[in-house]
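Student: I'd like to ask you about the structure that follows.
Just so you know, all these numbers are worked out from the coordinates, no wet-lab data involved. This is a predicted model, so every value here is computed, not measured. Methodologically, a virtual Cβ is constructed for each residue, glycine included, from the backbone with ideal geometry; neighbour enumeration extends over all protein chains shown.
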């Protein structure tokens, strides 16, 4: 029975991946104004949301950006996304782990490693970078005595090439061999899953992959933009989550 359930889970996960090929749409002025009305509480927040989402739309649609080669697109998107500040999930979303959609990440002007990686992934795809060259990588970050789960975006110039890493910790584009502080566990895009030792081909999804797929489906949903108020962050529940997180210290 257990093997049958596992097999069904693998098939369901594969079907979910196949359904994730569509990209989040480019936000129009009316959608931006709706987002502002739903989450902004001050003129400063309204201005930030309008500026960031408008700039994101213009970056994706500009013909001059689409005409760039991949290396220039990587630098352009990397620099743009890193204008958004880092906040750990408990502080930003009052949750242990939350994957925001690019529009949420930019509208709330903050996020953590997966939010940076997801925003880069979809923005590069919108600029015409082939998805086969892009994988989101779940890794272990090690620096001194600190060890923590981390996420980055990898770009493969060719299928067999060493990837370049786009990371919110080290914001310079680096070949993977220059990042011994990252120990990859698995990587994925909507086309498949790869274990850390698989240069090519698709790995079989395990429990961790199915957990990530739940988040991944939400990234491409059209539900309302989430936001957490300062009052919510002060709550005992939220403060307890913040205290438990290594990335919030």
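Student: Stretched out fully, how many nm does the piece from residue 75 to residue 29 gain, at 0.36 nm a residue minus the Cα gap?
Tutor: That works out to 13.9 nm of additional length.
Student: So, one more: Pull out the extension gain between residue 183 and residue 45, defined as 0.36 nm times the separation in residues minus the alpha carbon to alpha carbon distance; nm, one decimal.
Tutor: Difference between extended and current length: 46.0 nm.
Student: 7 Å from Cα along Cα→Cβ at both residue 97 and residue 62: what's the point-to-point distance in nm?
Tutor: Distance between label points: 3.6 nm.
Student: What order do you get for 117-128, 152-163, 170-181 when each peptide is scored by the mean count of other beta carbon atoms within 10 Å, highest first?
Tutor: 117-128, 152-163, 170-181
Student: For residue 140 and residue 224, what is the calculated FRET efficiency with R₀ set at 22 Å and r taken between the beta-carbons, to the nearest 0.05?
Tutor: 0.05
Student: Right, next: Could you give the nm distance between label points at residue 173 and residue 109, where each point is 7 Å from its Cα heading toward the beta carbon?
Tutor: 2.8
Student: Oh, and also: Could you work out how far apart the two model spin labels at residue 249 and residue 149 are, taking each label as a point 7 Å from the Cα in the direction of the beta carbon, and quote it in nm?
Tutor: Distance between label points: 1.8 nm.
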